[in-house]
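**Q** Before we start, here is the structure in question, set down as structure tokens.
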Amino acid sequence: QVQLVESGGGLVQAGGSLRLSCIASGSIGSINFMEWYRQAPGKQREWVGIISKGGSTNYVSSVEGRFTISRDNAKNTVYLQMNSLKPEDAGVYYCKMKVGPYDYWGQGTQVTVSS
């Protein structure tokens with residue numbers, strides 16, 4: 001009933017940039033708080049950042065200054081712009097939206113950073 005779909009992942013060189021998208025659809029009037037997470041092989045899923053309905057953002061310290069989250073409410077879409085990518089940024093990136101007591105996750109998009 002609520003679906004999140006990520007896209008934009010791929011292979012980039014260290015120091016390069018990548019832009020991820022997350023489109024929300026289903027039983028929503030508009031997107032609310034949206035979060036990005038990532039998970040490297042063998043590691044716990046890590047919170048990356050959040051954007052509020054009003055557009056305020058916060059980030060994990062390791063990506064501060066390199067990653068930017070933005071929102072287009074008319075398109076029910078949030079973006080994650082990633083610059084100056086490092087090999088340690090590699091992993092599967094997920095978007096998440098909380099609606100009441102429920103968390104909705106996308107299927108993830110793979111980001112690979114070559115060194």
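**Q** Mind giving me the nanometre distance, one decimal, between the label points for Arg45 and Leu11, set 7 Å out from Cα along Cα→Cβ?
**A** My value for the distance between the label points is 2.7 nm.
**Q** Mean separation of Cα pairs under 8 Å and 6+ residues apart, divided by the residue count of the chain: what relative contact order is that in percent?
**A** 36
No lab work stands behind these numbers, since they all come straight from the coordinates. Computed from a prediction, not measured in an experiment: that's the story for all the values here. As a convention, Cβ positions derive from the backbone with ideal geometry for all residues, glycine included, and neighbour counts pool all protein chains shown.
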